[in-house]
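First up is the structure itself, then whatever we jot down about it.
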Amino acid sequence: MESAKKRARRSAIDARGVSRVLRVLRREAPSWNAPIVSFIAIQHRDPFRTLISCILSLRTKDATTAAASSRLFARAHTPEAILALAPKTLERLIYPVGFYRTKARVIRGICRDLIEKFDGRVPDEIDELLTLKGVGRKTANLVVTEAYSKPGICVDTHVHRISNRWGLVRTKTPDKTEIALRAVLPSRHWIGYNGILVAFGQTICHPTSPWCSRCKIAPLCPRIGVTHSR
């Protein structure tokens, strides 16, 4: 196993180095499963489905999110159609996603706001999306990038962890990571950054005991904070 001292001599990945790293990861990505929200966005090209599937995905495994999204959208895939469902029916359709009762209430509130504020259309601007109760910066950025192909940086736990592990940023929270990445990450990488890092984080760069022995960018990575790897 590589010594901590040897890793410490390896430089942090900077704005220039991240382009090289992302080129390598994109070549590897076809062998990984795409994040479920990205898959839904590509499959349907529907901002509303992207938004709702993102809400369902919070603190929920991709397989559970995929099944719940499929059940829900088979019954209702517009704000009006979801509001026409009985609250208990909506809960049953999305169960067992994490906090399914709370998410059912949030989804109904989002649908009402979309109809009242935006004529049923999902806005394509982050600030407008943030006016929807229950939509945070992660969700807003994901909708803008995945559904509208507009610049944004969606930061979830994988993006936050890996960006710090690389030394590209030194931050304590995802919101601060987003701000830091906007300053250092070349804009051409913004849209695809979340998708590639989520797939990488789920497959190789795990929170604990990452698969460094299988990682194609291991020779470039300083592995900041990694105490044990495979």
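Miscellaneous remarks
- Coil-residue GluC sites (Glu not before Pro) of the range 101-147, DSSP, other Cβ within 10 Å capped at 14: GLU125
- Cross-link reach is defined here as a Cα-Cα straight distance under 20 Å, omitting same-chain residues fewer than 8 places apart; for LYS61 the aspartates and glutamates meeting it are GLU91, GLU146, ASP156.
- When GLU80, GLU91 are compared by accessible surface with a 1.4 Å probe, the order from highest to lowest is GLU80, GLU91.
- Principal axis dimensions, largest first and in whole angstrom, of the chain by Cα: 60, 31, 29
- Here the relative contact order of the chain, from alpha carbon pairs under 8 Å that lie six or more residues apart, stands at 25 percent.
- Crossing angle, helix 62-75 versus the chain [Cα axis fit, 0-90 degrees, rounded to tens]: 20
- A straight Cα-to-Cα reach below 18 Å connects LYS216 with the aspartates and glutamates GLU2, ASP14, GLU28, residues fewer than 8 places away in its own chain not being considered.
- Legend: calculated FRET efficiency, ASP113 to SER187, from the Cβ-Cβ distance at R0 = 30 Å, rounded to 0.05, equals 0.50.
- For the range 219-227, backbone phi angles converted through the Karplus equation (6.51, -1.76, 1.60; θ = phi - 60°) give residue-by-residue couplings of x, 9, 8, x, 6, 4, x, 7, 9 Hz, Gly and Pro being listed as x.
- Heavy-atom accessible surface of the chain: percent carbon and sulfur, 1.4 Å: 54
- Heavy atoms of the protein chains alone define the surface here; on that basis the chain has 51 Å² accessible area per residue at 1.4 Å probe size.
The values are calculated or read from the model by the stated rules, or taken from the named source; none is laboratory data. What you see is a predicted model; the values in this text were computed from it and never measured. So basically every Cβ, Gly included, is an ideal-geometry build from the backbone, and we count neighbours across all protein chains shown. Ligands, DNA and RNA are stripped out before the accessible areas are found, and what is left, the full protein with its side chains, is counted by its heavy atoms. Shrake-Rupley method; radii C 1.70, N 1.55, O 1.52, S 1.80 Å.
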